[in-house]
Amino acid sequence: MDEKYWVYGLVIALIMGGIISNFASTHPDGLERVAIDTLEESGIEELTEGKEVVNSPMSDYMAPGIENEALSASIAGVTGVLIVFLMVISMGKILKRNKK
Amino acid sequence: MHIPDGFLSPEIWVPMWIVSALVLGYSIRQVNKKLGEKHIPLMGVLAAFIFAGQMLNTPVAAGTSGHMLGGVLAAVFLGPLAASVIMASVFIVQAIFFQDGGITALGANIFNMGLIGTIGGYYIYLTIRKILGSNTRKGMMIGAGVAAFIAVVLASAAVSIELSASGIFPLKESLIAMVGIHSIVGIIEAGITVAVLSFVLKVRPDLFKLDKI
């Protein structure tokens with residue numbers, strides 16, 4: 001990892017996740033839109049209520065315990081980018097170390 | 001188009017989990033065999049960029065938004081199997097940490113938004129490249145753009161089919177709606193894919209020389 005380009009890429013991703021995400025559309029995405037039109041919110045709730053398999057710490061990209069919504073979303077975005085980045089890098093290093 | 005838990009019936013989500021697990025298992029083994037030092041930062045930064053990109057919903061039609069997927073983009077850089085691994089990583093983090101997409105639905109989500117693009121999309125890209133000229137910039141961009149578009153549309157069709165097979169959406173209506181909306185999303189996806197590829201081709205063309213896994 002002595003290349004440096006990835007730093008620029010990571011910074012871009014952090015800006016996207018931490019700042020630009022606050023300006024993202026809050027409209028439902030295509031699937032949610034079709035679900036709302038087909039099932040109505042009540043129908044959706046009936047199907048999904050209590051079905052979560054894990055209790056995610058940052059549901060809907062909101063960091064817990066932070067009053068300011070924009071800040072909460074930024075922290076969630078930055079955290080997510082870092083988690084993904086570190087997870088993939090670690091996995092890569094492990095796979096390389098144990099190269100078959 | 002992340003499917004939450006509770007939408008898919010077990011008859012659908014179980015086989016989708018099995019398919020995705022098998023493909024990923026194979027992909028990880030291949031990555032393990034062929035991974036080079038130079039792949040690692042590229043995989044990391046692509047995964048980070050794609051995760052961030054999927055957060056950036058843009059309005060596409062009245063009251064509806066869409067976000068990029070990134071499967072074809074990843075595959076053009078890394079090859080289909082390595083791309084599958086990083087896309088799955090993104091979806092796993094989204095599901096576990098952010099409740100974006102269910103856990104039972106994870107197999108389907110990885111397949112729909114990941115594998116269709118990283119594998120199907122990749123071979124569409126290669127085919128178009130071969131037809132237009134294997135080592136031309138034009139071939140790469142048109143191939144990637146078209147493949148990215150098709151991957152998004154196919155993903156939306158797959159979602160519709162799975163949800164209708166699960167008994168919660170009517171097939172014809174949901175297919176029309178999903179494919180209609182995602183045809184617009186697909187154009188955006190193609191645009192982003194080509195823009196990123198063009199940029200990297202200009203500043204770091206050597207990154208495209210890495211062995212594809």
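The values are calculated or read from the model by the stated rules, or taken from the named source; none is laboratory data. Predicted, not measured: the structure shown is a model, and the values here were computed from it. Virtual Cβ from ideal backbone geometry, glycine too; neighbours counted across all protein chains shown. Heavy atoms of the whole protein, side chains included, go into the accessibility calculation; ligands, DNA and RNA do not. Shrake-Rupley method; radii C 1.70, N 1.55, O 1.52, S 1.80 Å.
What's the average, rounded to a whole number, of partner chain beta-carbon atoms within 10 Å of each residue's beta-carbon in A:47-53? Show your work: numbers first, answer last.
On the way: counts 7, 5, 1, 2, 8, 7, 10.
Mean partner-chain Cβ count within 10 Å for A:47-53: 6.
Suppose every K and R has +1 on its Cβ and every D and E has -1 on its Cβ; what is the size of the dipole of chain B about the Cα centre, in Debye to the nearest 20?
Rounded to the nearest 20 debye, it is 980 debye.
Largest accessible area first, the listed residues B:LYS202, A:LYS51, A:LYS4 line up as B:LYS202, A:LYS4, A:LYS51 when surface is computed with a 1.4 Å probe on the assembled protein chains.
Heavy-atom surface analysis with a 1.4 Å probe gives the protein assembly as shown a carbon and sulfur content of 66 percent of its accessible area. Taking amide H positions as modeled 1.01 Å from N, with prolines and chain starts lacking one, the residues under 5 Å from B:SER65 and 5 or more places away or on another chain are A:ASP29, A:GLY30, B:VAL60.
Near B:ALA148: Cβ cut-off under 15 Å, other residues only, Lys/Arg at +1 and Asp/Glu at -1. The net charge is 0.
Quick one: compute the contact order of chain A, relative version, from alpha carbon pairs under 8 angstrom and 6+ residues apart, as a percent. With pairs under 8 Å counted, the relative contact order is 36 percent. Label-to-label distance, A:ASN98 versus B:LEU171, with points set 7 angstrom from Cα along the beta-carbon direction: 4.3 nm.
Per-residue shielding of B:154-164, expressed as the average number of other chain Cβ atoms within 10 Å of the residue Cβ, stands at 1.
Considering only C-alpha atoms, what is the centroid distance from the stretch B:17-85 to the stretch B:123-202, in Å? Centre-to-centre distance over Cα atoms comes out at 14 Å. Packing-based ranking of B:71-77, B:117-123, B:1-7 yields B:71-77, B:117-123, B:1-7, ordered from highest to lowest mean Cβ neighbour count within 10 Å.
Rounded to the nearest 20, the Cβ-based charge dipole of the stretch B:3-106 about its Cα centre (Lys and Arg +1, Asp and Glu -1) stands at 420 debye. Under the classification rounded if a/c is under 1.5, otherwise prolate if a/b is larger than b/c and oblate if not, where does the stretch B:20-157 fall, given a ≥ b ≥ c as square roots of the Cα gyration tensor eigenvalues? It comes out oblate by the Cα gyration axes. Along the axis of the charge dipole computed for chain A (Cβ charges of +1 for Lys and Arg, -1 for Asp and Glu, origin at the Cα centre), the listed residues A:THR79, A:SER90, A:VAL34 are led at the positive end by A:SER90. Can you tell which of B:SER174, B:GLY143, B:GLY121 lies farthest toward the positive end of the dipole of the stretch B:112-213, using +1 and -1 charges on the Cβ of basic and acidic side chains (Lys, Arg; Asp, Glu)? Farthest towards the positive pole: B:GLY143.
Note that the stretch A:24-40 has calculated 3J(HN,Hα) couplings of 5, 5, 9, 5, x, 6, x, 5, 4, 4, 5, 5, 5, 5, 7, 9, 6 Hz, one per residue in order, obtained from phi through the Karplus relation 6.51 cos²θ - 1.76 cosθ + 1.60 (θ = phi - 60°); glycine and proline are x.
Peptides B:168-175, B:95-102, B:130-137 ranked from most to least packed, by the mean per-residue count of other Cβ atoms within 10 Å: B:95-102, B:168-175, B:130-137.
Given only helices, namely DSSP H runs of n ≥ 4 each adding -39500 (n - 2.57), what is the per-residue ellipticity at 222 nm of the protein assembly as shown, to the nearest 500 deg cm²/dmol?
Details: 11 runs with 207 residues, N = 313.
Helices in the protein assembly as shown give a 222 nm mean residue ellipticity of -22500 deg cm²/dmol.
How many angstrom lie between the C-alpha centres of the stretch B:90-122 and the stretch A:67-100? Cα centroid to Cα centroid, the span is 16 Å. Sequence-ordered 3J(HN,Hα) estimates for the stretch B:148-164 from the Karplus curve with 6.51, -1.76 and 1.60 and θ = phi - 60° stand at 5, 4, 4, 4, 5, 5, 5, 4, 5, 5, 4, 4, 4, 5, 5, 6, 6 Hz, glycine and proline given as x.
Using θ = phi - 60° in the Karplus curve 6.51 cos²θ - 1.76 cosθ + 1.60, the 3J(HN,Hα) couplings for the stretch A:47-52 round to 6, 9, 3, x, 8, 4 Hz; x is entered for Gly and Pro.
Using the Cβ-Cβ distance between A:GLU41 and A:ILE20 with R0 = 22 Å, the FRET efficiency computed as 1/(1 + (r/R0)^6) comes to roughly 0.20.
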